[in-house]
Amino acid sequence: MLEKNSQPNLTLDRIFNSTEFNEEALGTFLWSKRRAGYFRVVASEPTGEGKNLVWYDTESDHCEVIVPSYAFVPPGESQPLALNDIAFSEDESKLLIFTNSKRVWRYHTRGDYWVLDIATRELRKLGGSAAASTLQFAKLSPDGARVAFVRENNLYVQELRDLQITALTYDGSDTIINGTSDWAYEEELDLRDAYRWSPDGQSIAYWQLDTSGVRTFFLINNTDGIYSRPVPIAYPKVGEQNSSARVGVVRVSGGETLWLNIPGDPRNH
């Protein structure tokens with residue numbers, strides 16, 4: 001017989017539909033590059049609605065709210081953004097926010113990105129007219145003037161001054177993949193974010209994968225509805241043809257890509 005106020009026996013609902021058994025985690029934790037301390041995203045008080053970005057001094061108990069939860073509320077909205085991930089510019093004057101994320105295979109790598117000017121509290125959405133949750137791997141340039149991102153297998157750069165977007169690649173398709181990876185490279189080499197800024201912020205190096213000729217493997221999805229459906233993946237079995245891979249460098253102003261001369265077979269090196 002259960003004692004008064006004791007929990008009932010384990011049920012599937014308690015295990016899978018509640019947060020009762022979720023493990024505690026540190027959450028967002030970023031070391032400051034400008035002063036001795038670190039940043040955390042913590043629940044706002046006293047209501048707990050939304051999250052504050054707080055700086056903690058490592059040499060004392062002092063802490064300071066850098067961005068209050070209300071500053072994460074987009075214009076015209078009533079609720080703050082869900083902070084799936086954040087990143088600072090090098091001078092910590094801007095905050096890149098990843099939200100509304102969707103899963104791609106194993107991880108939530110597609111979503112929406114916003115930039116917050118910490119001094120003025122101006123919050124602006126990136127991607128122009130892009131559909132919701134279609135941007136991947138957005139990164140601020142070293143000088144904080146631009147953001148690059150991948151969308152639908154093409155690479156883009158957006159100016160933060162006027163939000164103008166420049167396409168750096170145009171050939172992205174079901175078989176040509178720029179700035180991210182195919183299923184096999186993600187699975188076997190842990191490669192997802194497949195581009196890098198140059199130190200001066202004027203160029204970007206990126207991987208391009210061509211899956212043409214890679215045979216299709218079908219997974220069967222039995223869980224999304226009452227009928228199963230096949231999920232096609234360009235997947236090279238042992239001894240079969242791999243994707244072709246190459247690395248190029250392109251200026252942020254656009255133009256032709258300079259492809260690096262890498263020795264060996266691009267489908268096997």
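Throughout, read-outs are computed from the coordinates displayed, never taken from laboratory work. These numbers were taken from a predicted model, which means no experiment stands behind them. Because the Cβ atoms are built from the backbone with ideal geometry, glycine has one as well, and the counts that use them run over all protein chains shown.
From the cross-link list LYS94/LYS139; LYS102/LYS125; LYS33/LYS139; LYS33/LYS125, which pairs have alpha carbons spaced over 22 Å apart? Intermediate results must be reported in sequence, preceding the final value.
On the way: LYS94/LYS139 12 Å; LYS102/LYS125 17 Å; LYS33/LYS139 17 Å; LYS33/LYS125 25 Å.
From LYS94/LYS139; LYS102/LYS125; LYS33/LYS139; LYS33/LYS125, over 22 Å: LYS33/LYS125.
Over all Cα pairs of segment 94-163, how is the pair count split among 10 Å bins, expressed in % and running from 0 up to the last occupied bin?
Distribution as computed: 20, 56, 21, 2 percent.
Find how many whole Å separate the alpha carbon centroid of segment 155-193 from the alpha carbon centroid of segment 81-113.
16 Å
When only DSSP loop residues count, what chymotrypsin sites (Phe, Trp or Tyr not before Pro) in segment 154-259 have their Cβ near at most 14 other Cβ atoms within 10 Å?
On the way: sites: TYR156, TYR170, TRP183, TYR185, TYR195, TRP197, TYR206, TRP207, PHE217, PHE218, TYR227, TRP259; in loops: TYR170, TYR227.
Loop-located and lightly packed - TYR170, TYR227.
Quick one: net charge around PRO266, please, counting Lys, Arg +1 and Asp, Glu -1 for every other residue with C-beta under 13 Å from its C-beta. Could the numbers behind the result be given before it?
Working: positive: ARG246, ARG267; negative: ASP210, ASP265.
That sum, taken over residues with Cβ under 13 Å, equals 0.
Can you show me the helix-derived [θ] at 222 nm for the chain, built from DSSP H runs with n ≥ 4 at -39,500 (n - 2.57) apiece and divided by the number of residues, rounded to the nearest 500. Intermediate values should be presented prior to the final figure.
Details: 2 runs with 12 residues, N = 269.
So the calculated ellipticity at 222 nm is -1000 deg cm²/dmol.
Within a Cβ distance under 12 Å of ALA119, other residues only, what is the Lys/Arg minus Asp/Glu net charge? Before the final figure, lay out the partial values.
Numbers: positive: LYS94, ARG121; negative: ASP91, GLU92, ASP117, GLU122.
Its environment carries a net charge of -2.
Taking the Cα atoms of the chain, what is the range of coordinates along each of the three principal axes, in descending order and whole Å?
Here the Cα extents, ordered largest to smallest, are 67, 55, 39 Å.
Counting only Cα, what are the radius of gyration and maximum Cα-Cα distance Dmax of segment 98-236, in Å?
Rg, Dmax (Cα atoms, Å): 16.7, 53.
With springs only between Cα atoms under 10 Å apart, run a GNM on the chain and tell me which of VAL238, VAL252, VAL104 wobbles the most.
Result for the chain, Cα springs under 10 Å: VAL238 fluctuates most.
Among HIS108, SER44, ALA205, which residue has its Cα positioned farthest towards the positive end of the charge dipole of the chain, with +1 placed on the Cβ of Lys and Arg, -1 on the Cβ of Asp and Glu, and the dipole taken about the Cα centre?
My answer, from the dipole projection, is ALA205.
Below 13 Å, Cα to Cα, which aspartates and glutamates can LYS51 reach? Residues fewer than 8 away in the same chain don't count.
Within the straight-line cut-off, LYS51 pairs with ASP85.
Which value results for Rg/Rh of segment 46-100 when Rg is the Cα radius of gyration and Rh the Kirkwood radius based on the inverse mean 1/r?
Reported Rg/Rh, Kirkwood definition of Rh: 1.00.
To the nearest 20 debye, what is the magnitude of the charge dipole of segment 79-154 about its Cα centre, counting +1 on the Cβ of each Lys and Arg and -1 on the Cβ of each Asp and Glu? It would help to have the intermediate numbers written out before the result.
Values: 11 positive and 9 negative charges, 89 e Å.
With Lys and Arg at +1 and Asp and Glu at -1, about 420 debye.
Out of SER141, LEU163, PHE217, whose Cα points farthest toward the positive end of the dipole of segment 122-222 (charges: +1 Lys, Arg; -1 Asp, Glu; placed on Cβ)?
LEU163
ALA145: net charge of surrounding residues, Cβ under 10 Å, Lys/Arg +1, Asp/Glu -1, itself excluded?
Working: positive: LYS94, ARG146, ARG161; negative: ASP143, GLU159.
Neighbourhood net charge equals +1.
How much length is gained on full extension from THR166 to TYR70, taking 0.36 nm per residue of separation minus their Cα-Cα distance?
Details: separation 96, 0.36 × 96 = 34.56 nm, distance 3.14 nm.
Between THR166 and TYR70, full extension yields an extra 31.4 nm.
Per residue of segment 191-202, what does 6.51 cos²θ - 1.76 cosθ + 1.60 with θ = phi - 60° give for ³J(HN,Hα)? Whole Hz please, x for Gly and Pro, Karplus curve as stated.
9, 10, 7, 10, 8, 9, 6, 6, x, 8, x, 9
Sorting VAL231, VAL157, VAL65, VAL247 on the 10 Å Cβ count, fewest up front, what's the list? All intermediate terms of the calculation are to be shown ahead of the outcome.
Details: VAL231 11, VAL157 23, VAL65 14, VAL247 17.
Ascending number of Cβ neighbours within 10 Å: VAL231, VAL65, VAL247, VAL157.
Say we join alpha carbon atoms closer than 10 Å with springs in a Gaussian network model of the chain; which of ARG106, ARG251, ARG121 then has the biggest fluctuation?
ARG106
ARG121 to THR223: extension gain in nm, 0.36 nm per residue of separation minus the Cα-Cα distance?
Details: separation 102, 0.36 × 102 = 36.72 nm, distance 4.28 nm.
Taking ARG121 through THR223 to full extension adds about 32.4 nm, to one decimal.
In whole percent, what relative contact order does segment 9-94 give with Cα contacts below 8 Å and a gap of six or more residues? Mind showing how you got there, number by number?
On the way: 105 pairs, mean separation 15.6, N = 86.
Relative contact order, segment 9-94: 18 percent.
Please list the equivalent ellipsoid semi-axes of segment 1-160, computed as the square roots of five times the alpha-carbon gyration tensor eigenvalues, in descending order and whole angstrom. Mind dumping the intermediate values first?
Working: eigenvalues 208, 106, 43 Å².
The three semi-axes for segment 1-160 are 32, 23, 15 Å.
Where the only charges are on Cβ atoms (+1 Lys, Arg; -1 Asp, Glu), what is the dipole of segment 205-269 about its Cα centre, to the nearest 20 debye?
Details: 6 positive and 5 negative charges, 8 e Å.
Using Cβ point charges on Lys, Arg, Asp and Glu, segment 205-269 gives about 40 debye.
Over the chain, what relative contact order in percent results from Cα pairs under 8 Å that are six or more residues apart?
Details: 510 pairs, mean separation 22.0, N = 269.
Over the chain, the number comes to 8 percent.
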